[in-house]
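Visitor: Input: one structure, supplied below.
The values are calculated or read from the model by the stated rules, or taken from the named source; none is laboratory data. The shown structure was predicted, so the numbers you read here are calculated from the model rather than taken from an experiment. Cβ sites come from the backbone with ideal geometry, for glycine too, and all protein chains shown count toward neighbours.
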Amino acid sequence: MFEKLRKGLSRAVNKIVITELKAEKLRPILEELKLNLIENDVAVPVAYFIGDELEKRLDGVQVKRLGDRKAVVMEKLHEVLLEILTTKEEINLLENVEKKRQLKEPYTILFVGINGTGKTTSIAKVARFLMDRGYSVVLAGSDTYRAGSIEQLEEHAKRLGVRMVKHKYGSDPAAVAYDTISHAEARGINVVLIDTAGRIQTDRNLMSELSKIKRVVNPDLTVLVVDALIGNDAVMQAEEFHKSVSIDGTILTKVDADVKGGASLSVTHVTGKPIIFIGVGQNYQDLQPFNPEQFTQMILK
């Protein structure tokens, strides 16, 4: 995981350690680091932020011993990465779900993202995560466009032992979502998880359809599912979806297979919205709540 990103950062740290900590001496090393970050799918603004912040924080720092110098450089790098991965807004999903349960109302999550990101599987993983913590769940098959999508979600529902509400292909996805929420309200189900069609982020018609679903159901949380392996495309998707439907957070899938790591660093910085979960495998249990500190340690280990 993140081998290429880690190597690039390590190379830069080793060069900085044997260089005088002055801006003009550091600049060539940090310019090289920026290029390396961009090659590893870090978005250009994020790569420049890392390089510029390191220059600012290391310029003029006085350290005598070599060992201490490396510790100082690593500490500053840790600070910068943590800053990128930490957002002003935090989402405590379990706390929010519990608040709605106390009010005897279902908590509604709308999942968006293009086909192939692992959206439907992520919905099943979130369902398992909530069920393991004592919450009841119902799934909404609001992807009424892609052939096989309803059957795919239905299969997950069967494996998990939960109800799924569906209509025919071609029917109004907002109506499916609305009916699922009504079902949850009538039966006291705690959480509604809504699947949607794999929107191509540049397709205006599909994006407006997604906006309509959001207007009709007024979800408590809108989550963008992004594939970590697609690099800078992940950043473009995050920007476009956020602009069109205003996302609250992201789930980053296939993080366990990501050797570059750029998408992980970029998506949060670009949207200003937190990563809620990361997908680290194929099983339902392979979903980890995102922790910026742990993630930073993972990148730097």
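Visitor: Please verify whether region 267-276 includes one or more residues that are outside any helix (DSSP H, G or I) and among the aliphatic types (A, V, I, L, M).
Guide: Checked region 267-276: at least one residue is outside any helix (DSSP H, G or I) and among the aliphatic types (A, V, I, L, M).
Visitor: Ok, one more. Checking Val80 against (1) aliphatic (A, V, I, L, M); (2) out of contact with any helix residue (DSSP H, G or I) (no Cβ under 9 Å at 6 or more places or on another chain); (3) at pLDDT 90 or above, only one condition comes out false. Which one?
Guide: (2)
Visitor: Being β-branched (Val, Ile, Thr) and in a helix (DSSP H, G or I) is the filter; apply it to region 242-266 and report the residue that is nearest to Ile114 (Cα to Cα).
Guide: Among residues in region 242-266 that are β-branched (Val, Ile, Thr) and in a helix (DSSP H, G or I), the one nearest to Ile114 (Cα to Cα) is Val245.
Visitor: Any residue in region 45-61 that's within 18 Å of Leu5 (Cβ to Cβ): show its pairings with residues that are at pLDDT below 90 and small (Gly, Ala, Ser) at Cβ separation under 6 Å, as long as the two are six or more apart or on different chains.
Guide: Close Cβ pairs satisfying both conditions: Val46/Ser266.
Visitor: Quick check: anything in region 22-35 of a type outside the set (A, V, I, L, M), farther than 30 Å from Met236 by Cα and touching an Asp or Glu at 6+ places or on another chain (Cβ under 7 Å)?
Guide: Checked region 22-35: at least one residue is of a type outside the set (A, V, I, L, M), farther than 30 Å from Met236 by Cα and touching an Asp or Glu at 6+ places or on another chain (Cβ under 7 Å).
Visitor: Right, here's the next one. Is at least one residue of region 215-227 farther than 19 Å from Tyr107 by Cα, of a type in the set (A, V, I, L, M, F, W, C) and in contact with a Leu (Cβ under 8 Å, 6 or more places away or on another chain)?
Guide: Yes, because at least one residue in region 215-227 is farther than 19 Å from Tyr107 by Cα, of a type in the set (A, V, I, L, M, F, W, C) and in contact with a Leu (Cβ under 8 Å, 6 or more places away or on another chain).
Visitor: Further question: Within region 128-150, track down each residue that is buried (at least 19 other Cβ atoms within 10 Å of the Cβ) and touching a Gly at 6+ places or on another chain (Cβ under 8 Å).
Guide: Asp143, Thr144, Ser149, Ile150
Visitor: Further, regarding this structure: Just to be sure before I move on: is Asp68 of a type outside the set (Gly, Ala, Ser), surrounded by fewer than 13 Cβ atoms within 10 Å (Cβ to Cβ), more than 28 Å from Val245 (Cα to Cα) and modelled with pLDDT of 95 or more in the structure I sent?
Guide: In short, no.
Visitor: Looking only at region 100-117, decide whether some residue is on the phi > 0 side of the Ramachandran plot, buried (at least 21 other Cβ atoms within 10 Å of the Cβ) and within 23 Å of the chain's Cα centre (by Cα).
Guide: yes
Visitor: OK, next. Looking at Leu94, Leu153 in this structure, which one is crowded, with 22+ Cβ neighbours inside 10 Å and aliphatic (A, V, I, L, M)?
Guide: Leu153
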